[in-house]
Amino acid sequence: MNTLKTKIRNLGIASMGLLMLSSCSDILDEQPRTDFDPSFFGTEQGIESGLTALYAHLRDTYGYAYYYCICETGTDEYTYGHDADGNFKDADLSGVGQLNAQTSRSDALWGNAFTYINTASGIIENGTAAGTSEALISEARFFRAYDYLRLVQTFGGVPLDFGAGELKFNTSPTRYSVRNTVPEVYTKAVFPDLKLAVENLPETGRLTGGLTKNAARLALAKAYLAYGWWLENPKNIPTYPECDRTDPDGHDAQWYFQEAYNLAIEGITNPGPFSLQPTYYDVHLGSNDRNSEVMLYADHTENSEEFNGGSLSYGSGAAPDNFAVWMVTWNYPNMTAKRADNGASFTPVLRAATQDLGRPWTRMAPSHNVFYETFKNKTEDSRYDGTFTTVFRSNWNLDQANYGGLTAAINANGMEVPVGGAILSFVDDDVVYEVAPTEENPEGVLRSGVKLTTDNAVGGFEVPGRSDYVVPFSAISRLKYPMLWKLGVYRTDNAGTVGQPNAGSTRPFNILYFSDFYFVAAEAVVKGATPQSGYSARECINVIRARAGKWRFSNAKNEVYEADFSAQLTAETPDLDNMAEEDAINYILDELSREYFGETRRWLDLARTQTWHERAKEYTICGMEANSVTPETIKRDIPLDYYLRPIPQGQLDAMEMTPEERQAFQNPAYRQ
């Protein structure tokens, strides 16, 4: 198995000079050759192994922390955190670093996608001779098109010819390349393959997690939507290589918006095995992974290190480990309390392999804007509670060797907290605090009287009558903040202990959802597509908002909570079909963030809609220390030509080109 995997990976990597990057040197050294025999893809075993490699390669970007960084840091979702290094500070564009060809972690996509594009081309060219069905070949078509879609949205035009001709499987390394234009990439590499995939893939995947018609429909609809925006170019965003914004097939932007809408509705009305989950909580609950709403994911498993793609006990900090969520996990074990039995200081919240906790790296932090604007409605809209860990509960019982028999900790206000009790909570600034009723306060509420303390080492406020420390949203800082419950680790092998919190997550990383169809349809209508009855922009968004109003469990309360605020949420949705386009797009972008917050797609959403420089131009957050509770407003500098990421410097250095040709290959904003 390992030999076979190696051969497949080498067929993809060593056949292209485009991939002579240092991150791939360990693979290149495995089997040093100058050319490869494509006959391997002419066998059933070769096709099967090649397709396995294509599914596996999703793990090299989705869940990889540095690809995660470039897709989230510097947007209206995340900035850099307390322990950020240059990877995250450079991406923030707030003056603490510099984004260039050496520092941009867009290399994580460039250095991976071309490898497997070539592998897919090998399957497409040689599969028929091996008697492979078009359904199987269309799986390779999907992956080739989907990688090209991500590349063209990130870098602009990219090469279609690796040395053997456009979209041909290349068997000999080449160190020279020419970039195709954006329209060429879409119309030659993205649309044709996805159309065939829609036509030939099955309604239900051949294996669990296998590709389907609806996955291809969604990818094609997203591609049409992105290309329509590119053709229209309302904010005059530069493109490269320079070209006219005209479609080789003769269509205008409106045609593509309509096609995106039509495909989205076709996907909704022909769901196959897919459907929305009943609550948002169910979408991301670890025990409910691989549910009917997820149409594509980068898979992992706790049952086998080989098939997981990484250690089950210790994370490598590199792909294909699923460790993106570490970046947005602050160092909560630094919280301290006192033992009730002897008064000694100790850590009441241990690092644990549970969905609400996990391994802290504190590289990225959400801004105040997330909690005051995006997730303003926290009581009716379940997506706030279903996205974040906001209450940190004591779990010292998971370490019986050191804490066996300990029944309570002394926490805020000198009050006792039992196992499972709240140690620190993030709350609204104007929250009505519940306290024990007294004669003077029979309702048991308190609206004032908080004081800042660092007795718990990470900072927090004491509220009379509460045993947990409280952090209002105005005090969220680069040091401490709500964490991503939705991406948190989930293991079934903890056996009453902290488990393996230092391992990468063994959960799948979700990529495409059935819910995406509703957003694509709504956005396309706002951009001018003619809607079908029952599927206007507002009606599509309200399907999502109605689900968001349904609760069956509260993470904050850690208890069953059944409620339905669907009527309230849908009534509040504005008339997207008749309001100003800019306002409608901004509302949809808010909804996209509420639905998919922190899922490696925010930069692409902002770049597609040409709103990045406006929506992320400033943010508010507190500083680095435990007692940093004064909000600071930070400005970002986002030039329009930064809508294209830089071609990685390692790529340029590896190419046999003149200095002038290298300059021309690079996107203009990053030329030296």
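Exactly one residue among N112, N118 is in contact (Cβ under 8 Å) with a residue 40 or more places away in the chain and open to solvent by 10 Å² or more (accessible area, probe 1.4 Å), and that residue is N112. Of the residues making up region 517-535, none is open to solvent by 10 Å² or more (accessible area, probe 1.4 Å) and basic (K, R). The number of residues in region 272-291 being surrounded by fewer than 22 Cβ atoms within 10 Å (Cβ to Cβ), in contact (Cβ under 8 Å) with a residue 24 or more places away in the chain and within 27 Å of T52 (Cβ to Cβ) comes to 6.
Restricting region 92-108 to residues that are in contact (Cβ under 8 Å) with a residue 40 or more places away in the chain and in contact with a helix residue (DSSP H, G or I) (Cβ under 7 Å, 6 or more places away or on another chain), the residue that is nearest to A318 (Cα to Cα) is A108.
Residues in region 593-602 that are open to solvent by less than 10 Å² (accessible area, probe 1.4 Å) and part of a helix (DSSP H, G or I) were compared, and the one that is farthest from W485 (Cα to Cα) is R602. Among the residues of region 565-574, write down those that are without any contact (Cβ under 8 Å) to a residue 24 or more places away in the chain, open to solvent by 20 Å² or more (accessible area, probe 1.4 Å) and in contact with a Gly (Cβ under 9 Å, 6 or more places away or on another chain). Once the filter is applied, which keeps residues that are without any contact (Cβ under 8 Å) to a residue 24 or more places away in the chain, open to solvent by 20 Å² or more (accessible area, probe 1.4 Å) and in contact with a Gly (Cβ under 9 Å, 6 or more places away or on another chain), region 565-574 yields only A567.
Take the conditions aliphatic (A, V, I, L, M), open to solvent by less than 30 Å² (accessible area, probe 1.4 Å), farther than 25 Å from Y224 by Cα and modelled with pLDDT of 95 or more and apply them to A140. Does it pass? Judged against the criteria, A140 is not a match. Confirm whether I47 is within 26 Å of V178 (Cα to Cα) and either part of a helix (DSSP H, G or I) or at pLDDT 70 or above (or both). Criteria not met by I47. Of the residues making up region 292-313, those that are within 20 Å of the chain's Cα centre (by Cα), open to solvent by 20 Å² or more (accessible area, probe 1.4 Å) and among the small types (G, A, S) are S292, G309.
Taken over region 644-658, the criterion of being touching a residue at least 24 places away in the same chain (Cβ under 8 Å) and open to solvent by 30 Å² or more (accessible area, probe 1.4 Å) is satisfied by Q649, G650, E656. Contact annotation: residue pairs with Cβ atoms under 6 Å, 6 or more positions apart or on different chains, pairing a residue in region 597-615 that is polar (S, T, N, Q) with a partner that is modelled with pLDDT of 95 or more and open to solvent by 30 Å² or more (accessible area, probe 1.4 Å), are Q610/K235.
Checking D577, D605, D583 one by one, the residue that is surrounded by fewer than 18 Cβ atoms within 10 Å (Cβ to Cβ), modelled with pLDDT of 95 or more and either within 24 Å of M364 (Cβ to Cβ) or in contact with a Lys or Arg (Cβ under 8 Å, 6 or more places away or on another chain) (or both) is D577 and no other.
Checked against the criterion of being at pLDDT 95 or above, of a type in the set (K, R) and either part of a loop (DSSP other than H, G, I, E, B) or under 27 Å from G42 (Cβ atoms) (or both), region 86-95 has no qualifying residue. Taken together, the residues in region 610-634 that are under 24 Å from the mean Cα position of the chain (by Cα) and on the phi < 0 side of the Ramachandran plot amount to 12. Of all residues being of a type in the set (G, A, S) and surrounded by fewer than 18 Cβ atoms within 10 Å (Cβ to Cβ) in region 320-364, which is farthest from Y55 (Cα to Cα)? Just the residue, please. Only one residue tops the list, namely G343. As a summary of the residue check, R141 satisfies the conditions (1) over 22 Å from A616 (Cβ atoms); (2) in contact (Cβ under 8 Å) with a residue 60 or more places away in the chain; (3) outside any loop (DSSP other than H, G, I, E, B) except for the one numbered (2). Within region 173-200, the residues that satisfy the criterion of being open to solvent by 50 Å² or more (accessible area, probe 1.4 Å) and touching a strand residue (DSSP E or B) at 6+ places or on another chain (Cβ under 9 Å) are V178, E184, K188. Residue-level check: of (1) at pLDDT 95 or above; (2) in contact with a Leu (Cβ under 8 Å, 6 or more places away or on another chain); (3) farther than 25 Å from G205 by Cα; (4) not in a loop (DSSP other than H, G, I, E, B), A101 misses just (4).
Checking each residue in region 626-639 for being open to solvent by less than 60 Å² (accessible area, probe 1.4 Å) and out of contact with any strand residue (DSSP E or B) (no Cβ under 8 Å at 6 or more places or on another chain) picks out A626, I638, P639. Here N377 does not fit the description of being of a type in the set (S, T, N, Q) and assigned to a helix (DSSP H, G or I).
Among the residues of region 608-625, those that are open to solvent by less than 20 Å² (accessible area, probe 1.4 Å) and either modelled with pLDDT under 95 or not polar (S, T, N, Q) (or both) comprise W612, A616, Y619, I621, C622, G623.
For region 223-271, filtered to residues that are in contact with a Phe, Trp or Tyr (Cβ under 6 Å, 6 or more places away or on another chain) and closer than 30 Å to G549 by Cα, the residue that is surrounded by the most Cβ atoms within 10 Å (Cβ to Cβ) is A264. For the structure I just gave you, tell me whether A113 is over 20 Å from V158 (Cβ atoms) and in a helix (DSSP H, G or I). Considered against the rule, which asks whether it is over 20 Å from V158 (Cβ atoms) and in a helix (DSSP H, G or I), A113 comes out as no.
Yes/no per residue for (1) more than 23 Å from D107 (Cα to Cα); (2) of a type in the set (K, R):
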| residue | (1), (2) |
| --- | --- |
| I137 | yes, no |
| F143 | no, no |
| R179 | no, yes |
| L194 | yes, no |
| G209 | yes, no |
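When restricted to residues that are open to solvent by 30 Å² or more (accessible area, probe 1.4 Å), touching an Asp or Glu at 6+ places or on another chain (Cβ under 7 Å) and aromatic (F, W, Y), region 459-489 contains 0.
Of the helices (runs of 4 or more DSSP H) lying entirely inside region 179-281, those containing at least 2 residues that are charged (D, E, K, R) and within 20 Å of D605 (Cα to Cα) are 213-232. Screening region 408-435 for residues that are part of a loop (DSSP other than H, G, I, E, B) and modelled with pLDDT of 95 or more and picking the one that is surrounded by the fewest Cβ atoms within 10 Å (Cβ to Cβ) gives G420.
For region 51-68, give me the residue count where each residue is among the polar types (S, T, N, Q) and open to solvent by 10 Å² or more (accessible area, probe 1.4 Å). Residues that pass the stated criteria total 1.
The values are calculated or read from the model by the stated rules, or taken from the named source; none is laboratory data. The shown structure was predicted, so the numbers you read here are calculated from the model rather than taken from an experiment. Cβ atoms come from the backbone with ideal geometry, glycine included; neighbour counts cover every protein chain shown. Note: accessible area is taken over every heavy atom of the protein model, side chains too, but ligands, DNA and RNA are not part of it. Shrake-Rupley method; radii C 1.70, N 1.55, O 1.52, S 1.80 Å.
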